[in-house]
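A.B. asks: For reference, the structure I am asking about is given below.
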């Protein structure tokens with residue numbers, strides 16, 4: 001029961017906060033949601049029980065999905081813990097949810113500097129990749145080319161070209177965005 005009460009309070013706070021962040025009065029949002037300002041006021045303050053019909057109207061009026069309006073505040077979702085792969089010299093923080101829409105966003109710390117052709121495995125997968133170097137320098141191995149990318153610079157390429165990213169001259173950190181249409185072998189544990 002407490003979880004339901006907490007979610008109820010959260011939804012009410014979201015409605016009020018979203019209304020205020022848009023600079024709308026009670027009258028303005030009530031008009032958009034096809035309800036009276038007094039009903040909206042009672043919804044925001046908890047004096048009126050929330051109904052699915054009202055939530056649907058309010059979500060539409062606020063231009064968000066019903067899921068966004070009613071999603072749970074799960075404290076476990078707040079902390080992003082790194083995934084370490086010592087074998088590949090890679091620590092990854094997945095910054096986007098695996099089940100969310102769009103692209104995968106990750107921060108990576110790369111310590112592996114080996115550029116020995118026998119030890120570097122170039123991968124391919126459908127899609128595109130983009131990254132920016134937050135610190136250090138990386139070598140982007142792209143087909144037969146080795147491209148040096150320094151702090152503050154970015155790279156974007158088709159992932160159908162065999163590729164790998166290695167540290168150069170010490171550890172490096174990158175922020176990358178990967179097309180989520182397919183698997184991303186460099187985020188998965190080695191086979």
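The values are calculated or read from the model by the stated rules, or taken from the named source; none is laboratory data. Keep in mind that this is a model prediction, so the values were computed, not measured. Glycine also receives a Cβ, built like all others from the backbone with ideal geometry; neighbour counts cover every protein chain displayed.
A.B. asks: Identify the residue in region 21-35 that is in contact with a helix residue (DSSP H, G or I) (Cβ under 6 Å, 6 or more places away or on another chain) and surrounded by 13 or more Cβ atoms within 10 Å (Cβ to Cβ) and, among all such residues, is farthest from residue 10 (Cα to Cα).
C.D. replies: Restricting to residues being in contact with a helix residue (DSSP H, G or I) (Cβ under 6 Å, 6 or more places away or on another chain) and surrounded by 13 or more Cβ atoms within 10 Å (Cβ to Cβ), the top hit is 32.
Matching residues to (1) at pLDDT 90 or above; (2) not in a helix (DSSP H, G or I):
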| site | (1), (2) |
| --- | --- |
| 3 | no, no |
| 10 | no, no |
| 18 | yes, no |
| 23 | yes, yes |
| 28 | yes, no |
| 34 | yes, yes |
| 50 | no, yes |
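A.B. asks: Given the conditions (1) over 15 Å from residue 110 (Cβ atoms); (2) in a loop (DSSP other than H, G, I, E, B), which single one is not true for residue 157?
C.D. replies: (2)
A.B. asks: Scan region 125-154 residue by residue and report those that are under 18 Å from residue 90 (Cβ atoms), over 23 Å from the mean Cα position of the chain (by Cα) and not in a strand (DSSP E or B).
C.D. replies: Of everything in region 125-154, just one residue is under 18 Å from residue 90 (Cβ atoms), over 23 Å from the mean Cα position of the chain (by Cα) and not in a strand (DSSP E or B), namely 136.
A.B. asks: Further, regarding this structure: Just to be sure before I move on: is residue 109 surrounded by 14 or more Cβ atoms within 10 Å (Cβ to Cβ) and in a strand (DSSP E or B) in the structure I sent?
C.D. replies: Yes.
A.B. asks: Taking residue 59 as meeting all but one of (1) in a helix (DSSP H, G or I); (2) at pLDDT below 90, write down the number of the exception.
C.D. replies: (2)
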